[in-house]
Ligand SMILES: [Zn+2]
């Protein structure tokens with residue numbers, strides 16, 4: 001059966017008998033062996049899935065093909081699960097734990113520099129003293145065609161205060177047409193044309209220009225970071241900070257996942273950039289130092305994205321089809337976005353009342369409404385923390401309803417969440433480790449960074 005015939009048969013799905021439906025799904029599996037997967041067929045099936053038409057038949061067929069799908073196709077499947085009206089949780093629960101763990105890993109990869117985002121939150125809180133700070137990282141959920149060829153990097157901040165309590169919500173938006181997480185130029189320096197650079201640049205504004213950011217806030221309004229508000233000087237500072245921070249991240253990967261022994265000091269790396277203000281070097285190193293204790297951070301953002309997609313209502317979202325033209329409108333809708341789109345927030349935090357077990361602790365926003373959850377970790381080494389976070393993210397993905405209903409501190413153990421959490425965290429940690437090792441293996445800055453080792457001696 002040629003592909004076109006399969007596609008046409010699926011298009012007339014509702015007129016088919018059950019045995020015909022099964023037959024066409026079987027034939028589809030065979031046609032999927034080709035190098036160019038028949039994307040039109042997948043789209044048709046996902047449309048049926050969204051309407052919950054024969055989901056019991058279609059979803060297992062898609063899961064059987066899982067190995068053959070590429071990343072964008074896997075993402076399409078998740079988006080469809082999220083869109084399937086009220087039945088999305090039901091569909092989500094039909095996925096195996098291994099598929100859920102893999103989806104989480106896939107989504108994790110785009111949250112570059114997530115560990116530094118969590119570290120920046122602590123630094124900002126320390127700096128502002130009496131203000132709670134929350135930072136979210138959001139890649140707009142658009143495809144290349146919908147966004148065009150323009151790079152987007154923005155810091156949006158909003159301040160709230162009530163009953164003597166202050167809260168600063170910061171959101172970093174990024175979009176890079178190359179869609180690459182990390183990219184280098186010919187000499188092994190980070191390219192400005194990748195997500196890691198854009199996120200690091202925006203983080204630099206949060207660290208270096210926080211007072212300015214707070215100063216330009218109108219009461220209760222979001223401000224978009226753009227050259228309209230920032231001086232040329234601030235932009236140069238942020239670029240330099242981003243370059244150093246990226247090298248420090250590579251240094252970390254080389255040190256812990258590579259096979260080299262002569263790793264240069266952080267200072268030697270920063271100094272190789274020549275005449276840069278000492279304050280920028282100090283702050284980049286401070287941020288990197290603090291980042292090191294945040295493990296699994298990109299997976300935390302990915303879990304938040306999946307939980308919001310599957311469990312939080314997507315209704316009444318403001319239309320954001322063309323983000324660049326609708327910035328003004330989005331400012332007005334910012335409050336709505338804050339409440340609806342971004343849903344639950346998840347942050348790692350150290351220290352719990354019970355020191356032997358990781359737990360999920362709900363926290364309230366300034367208005368007394370549930371704002372998110374802390375993953376409260378016992379004081380322990382990084383690898384134990386990674387394992388604890390993996391298990392906790394599993395709890396979110398497998399049983400978020402339980403977490404939401406209980407709405408009090410809940411311990412992450414098999415007693416509360418079942419044996420699946422061990423299995424899930426094993427898959428997640430394993431895929432993750434092999435991905436990072438692959439990154440270390442083809443890191444184009446490696447030679448340049450390692451060559452700085454001798455600079456330490458002098
Ligand atoms: Zn900037």
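The values are calculated or read from the model by the stated rules, or taken from the named source; none is laboratory data. These numbers were taken from a predicted model, which means no experiment stands behind them. Every residue, glycine as well, gets a Cβ built from its backbone with ideal geometry; the counts of neighbours run over all protein chains shown.
Comparison of 303, 284, 238, 270 shows that the only residue that is touching a strand residue (DSSP E or B) at 6+ places or on another chain (Cβ under 9 Å) and modelled with pLDDT of 90 or more is 303. State whether one or more residues within the range 444-451 are surrounded by fewer than 16 Cβ atoms within 10 Å (Cβ to Cβ), over 27 Å from the mean Cα position of the chain (by Cα) and outside any helix (DSSP H, G or I). Yes, the range 444-451 contains a residue that is surrounded by fewer than 16 Cβ atoms within 10 Å (Cβ to Cβ), over 27 Å from the mean Cα position of the chain (by Cα) and outside any helix (DSSP H, G or I). The residues of the range 236-273 that are touching a residue at least 40 places away in the same chain (Cβ under 8 Å) and within 16 Å of the ligand (Cβ to nearest atom), listed by number, are 237, 239, 240, 241, 242, 243, 244, 245, 246. Whenever a residue of the range 100-115 is touching a residue at least 24 places away in the same chain (Cβ under 8 Å), its partners that are crowded, with 24+ Cβ neighbours inside 10 Å and outside any helix (DSSP H, G or I), lying with C-beta atoms within less than 6 angstrom and at least six residues away or across chains, give the pairs 111/137. Within the bounds of the range 403-415, is there any residue that is closer than 22 Å to residue 298 by Cβ and either assigned by TED's automatic domain parsing to the domain that holds residue 256 or assigned to a helix (DSSP H, G or I) (or both)? Yes, because at least one residue in the range 403-415 is closer than 22 Å to residue 298 by Cβ and either assigned by TED's automatic domain parsing to the domain that holds residue 256 or assigned to a helix (DSSP H, G or I) (or both). Just so you know, in the range 373-390 the residues that are within 19 Å of the chain's Cα centre (by Cα) and free of Cβ contacts under 8 Å to residues at least 60 places away in the same chain include one that is surrounded by the most Cβ atoms within 10 Å (Cβ to Cβ), and it is 373.
Against the criterion of being within 16 Å of the ligand (Cβ to nearest atom), surrounded by fewer than 15 Cβ atoms within 10 Å (Cβ to Cβ) and modelled with pLDDT of 85 or more, residue 279 does not qualify.
Number of residues in the range 152-191 that are farther than 23 Å from residue 345 by Cβ, within 16 Å of the ligand (Cβ to nearest atom) and modelled with pLDDT of 85 or more: the value is 1. Considering 46, 81, 104, the condition of being within 19 Å of residue 14 (Cα to Cα), in a helix (DSSP H, G or I) and in contact with a helix residue (DSSP H, G or I) (Cβ under 6 Å, 6 or more places away or on another chain) is satisfied by 46 alone.
Only a single item in (1) within 23 Å of the chain's Cα centre (by Cα); (2) in a helix (DSSP H, G or I) is not met by residue 95, and it is number (2).
Among the conditions (1) out of contact with any strand residue (DSSP E or B) (no Cβ under 7 Å at 6 or more places or on another chain); (2) modelled with pLDDT of 80 or more, residue 114 misses just one, which is (1).
Across the range 6-20, the number of residues qualifying as part of a helix (DSSP H, G or I) and under 39 Å from the mean Cα position of the chain (by Cα) comes to 8.
For beta carbons closer than 6 Å, sequence separation of 6+ or different chains, a first residue in the range 16-30 that is more than 15 Å from residue 2 (Cβ to Cβ) and in the same structural domain as residue 54 (by TED's automatic domain parsing) and a second that is at pLDDT below 90 and in a helix (DSSP H, G or I), the qualifying pairs are 25/61.
Take residue 210 and decide whether it is in contact with a helix residue (DSSP H, G or I) (Cβ under 8 Å, 6 or more places away or on another chain), modelled with pLDDT under 95 and away from the ligand (no atom under 12 Å from the Cβ). Criteria met by residue 210.
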